[in-house]
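Participant: First the structure, which I've put down as structure tokens, then a few questions once you've had a look.
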Amino acid sequence: MKKKVVKRLLALSLAGVLAVGMLAGCGGSDSGSSSTDGAEAADSADSSDTGSADAADTSGDTDAADSADGAGGESTFIADRTITVQAYVDDIGYYLPDDLNNTPVMQKITELTGIKLDIRYTPGDSDAKVLASQLAAGTIPDVIVSYLDNSTRPEFPILLKAAKEGMFADVSEYMKNSKVYSRYYEDGFLPNDAYKNISFRDDLDGVYLWQLNIAAVDNTLEWIPEEEYLGGLYIQKAIADDLGIDVMNIRTQDEFYDLLVSIKEGGYKDDNGNDVYPLGPKFWGGSMDSIDYVVPGFKWGVSQDYNIDDEGHVRHEAEMDTIYDEINYVRKLLNEGLMNPEFFTMDSTRAEEVCKNKNSAIIADVHNYQDIIYMSDDWVPLGPLNDISGDNKDVTHGKTGRGCMAISAEAENPEEIFAFFDWLSTVEGQLIAQYGVEGVSFDMVDGKPVLKDEVLKAIDENNTDYLINEIGAAFGGVANYFFTFCITNVDNINNFGESRPGASAGTAYSRSVEIATDYAREKKLVPGLNASAYLSADELSAVKTQMDLLNWDEVLTQAFFAKTDDEVKNIIESFRAQLKAAGIEQFEEYVENIYKEDPEAVNFYH
């Protein structure tokens, strides 16, 4: 009864989060390792009233588990139980084995630790909306995992609210004494944002949220081809060769425009005989974010729409007249037929098709580990174009994480849950999670794992069904993504001799490494958080509420498609008035003071 009362109070407290649009279905199913059936959600949710769902699975052989040894003969047994995980990560949900606990990987993990996993995923309008809905309803099981590369993500205010309301367990004592996660207490190991704003916040009395996928060593300023995801603009190699251009020397907005004109005048056709669009949407579907690669020279708002001007004042890019340069450039591309009119709206299925049948001469955004790139030599990187600082260096903000984890305050024996994920991030745990089982999917050669030929073949042919269901490992994220997402202290080259499973075999990913080698980029460090991260400050709560109602991407899209200059001006002036009414001046003054005190706190640059 007490837990039900607590849930009702938490639901009321979190209702304010839902009021700004975070509404979606909730729950999960007990029918397997992955659930997408919303009809069973309510039934399974109430199981947490009696403690951790499925926590007392006693089907294993306790004596066998007690004797399980890890590396060096040390016992790795944790508990004979099932840990139920709710994932708010679509890549996890859509790439789970049909029967997780009967894969060779989970059988080995259970043999060593006694642990089984029940991983659930609930589709919705967005993972953030499902997260908000389930937290408000109090329906989370033992563990949740969510996207959270930094505290500017939309999930963070929801997670922080839940932590402050007592929905998550304090793991600080477990973390201090752990094998791997104890590194989070080391000076400089965590990114500054992860340390100050997520895990070790002044307004929390313990550790309730922690980021995942933190690199063991900070090498963010090094260009390491074996590890680089080289994203951005890619051009058909045949078109670049025909035009005789050096793809690395396209640097300015004018040069890029001239190239698009040359492509249109060249009369190039796609695989179906249709005229190509010189510039198409990103591989994963139409989106505003890919415009950053197209107009970096005009993009004044480098810190999630904000920057600092020459007088030291923080401004939103909509408040700067330079926004008209960006808008007019994109309007010109659209009006002259140089840009696919569905650049911002095309669904992911069609966008992938458009790329694969070569209807786009240039893809606005893809990377070297996407199969369309590494499985042929049809595409090569273009540029990148200069940004507003006048160079095209690859900007890095330093170390970061990929997601976060929290354990439910109602979970049974939370120390066992934490111990399991700590073990998973040991070298032994990562080896199994990433490569599978020795003798089944890999062999040890000179102390390093080498994938078997049939596994390499499956990676080469993108046979994810085999990798997911017959092996169950992550293989660097191309298969069971859960195991890539939920590890930390990552150091693949030192631990396993390669950046990802199979990378050193000279098969599928050889071209990925070749591209990163041939098109190497210099990096520059611009430390700090995006300016919008500071909207979560308590004294700005009223401003944030109003700012959350505004959609700059939508306004900018309207301006791109405006028919006249007067219409563009009306759109921008109207949005400027909305920003002022929302209290943006108070926010900008707040961020300006933070930046003056610590220039590394906000990632502004000129």
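Where a number appears in this text, it was derived from the coordinates with a stated rule and is not lab data. What you see is a predicted model, and the numbers here were worked out from it, not measured in a lab. Reconstructed Cβ throughout: ideal geometry from the backbone, glycine too, with neighbour counts over all protein chains shown.
Participant: Peptides 521-533, 401-413: what's the order by average Cβ count within 10 Å, highest mean first?
Facilitator: Values: 521-533: 18.5, 401-413: 21.5.
Descending packing order for the listed peptides: 401-413, 521-533.
Participant: Give me the angle, in degrees from 0 to 90, between the Cα long axis of helix 2-18 and the longest principal axis of the Cα atoms of the chain, rounded to the nearest 10.
Facilitator: Helix 2-18 sits roughly 0 degrees off the main axis of the chain.
Participant: So what is the relative contact order of the range 365-490, in percent, for Cα pairs below 8 Å that sit 6 or more residues apart?
Facilitator: Values: 97 pairs, mean separation 23.4, N = 126.
Contact order relative to length: 19 percent.
Participant: Now, a different point. Between Ser133, Asn219, Ile250, whose Cα lies farthest towards the positive end of the dipole of the range 126-261 when Lys and Arg beta carbons carry +1 and Asp and Glu beta carbons carry -1, centred on the Cα centre?
Facilitator: Ser133
Participant: I've got another one for you. In deg cm²/dmol and to the nearest 500, what is the mean residue ellipticity at 222 nm of the chain if only DSSP H runs of at least 4 residues count, each as -39500 (n - 2.57), divided by the residue total? Can you show the working numbers first?
Facilitator: Working: 24 runs with 212 residues, N = 606.
Result for the chain, helices only: -10000 deg cm²/dmol.
Participant: Report the label-to-label distance for Glu265 and Glu600 in nanometres (one decimal), using points 7 Å from each Cα along the Cα→Cβ vector.
Facilitator: 5.0 nm
Participant: What are the semi-axes of the equivalent ellipsoid of the range 122-240, taken as the square roots of 5 times the eigenvalues of the Cα gyration tensor, listed largest first and rounded to whole Å?
Facilitator: One finds semi-axes of 31, 23, 12 Å for the range 122-240.
Participant: Now for a separate question. Tell me the relative contact order for the chain as a rounded percent, counting alpha carbon contacts under 8 Å between residues six or more apart.
Facilitator: The value is 19 percent.
Participant: Okay, moving on. Stretched out fully, how many nm does the piece from Arg183 to Glu255 gain, at 0.36 nm a residue minus the Cα gap?
Facilitator: Separation in residues times 0.36 nm, less the Cα-Cα distance, equals 21.2 nm.
Participant: Here's something else I'd like to know. Students often forget the sequence filter, so: which aspartates and glutamates lie under 14 Å Cα-Cα from Lys264 once same-chain residues fewer than 8 apart are removed?
Facilitator: Asp242, Asp275, Glu336
Participant: Hey, what's the per residue convex hull volume over the C-alpha atoms of the chain, in cubic angstrom?
Facilitator: 155 Å³
Participant: From the gyration tensor of the Cα coordinates in the range 253-408, what semi-axes in whole Å does the equivalent ellipsoid have, largest first, with each one equal to sqrt(5λ)?
Facilitator: 28, 23, 14
Participant: Something else now. Kindly rank 113-122, 569-578 from highest to lowest mean number of other beta carbons found within 10 Å of each residue.
Facilitator: Output ranking for 113-122, 569-578: 113-122, 569-578.
Participant: How would you order 313-324, 536-547, 124-135 from highest to lowest mean count of nearby Cβ atoms within 10 Å?
Facilitator: Ranked from most to least packed, the peptides come out as 124-135, 313-324, 536-547.
Participant: Now a separate question. For the range 199-337, what is the convex hull volume of the alpha-carbon atoms per residue, in Å³?
Facilitator: Per residue, the Cα convex hull of the range 199-337 comes to 213 Å³.
Participant: Further question on the same structure: Greater than 28 Å separation of Cα atoms is the criterion. Which listed pairs, Lys108/Lys452; Lys269/Lys332; Lys196/Lys523; Lys356/Lys457; Lys179/Lys457, meet it?
Facilitator: Numbers: Lys108/Lys452 18 Å; Lys269/Lys332 22 Å; Lys196/Lys523 25 Å; Lys356/Lys457 22 Å; Lys179/Lys457 35 Å.
Pairs exceeding the cut-off: Lys179/Lys457.
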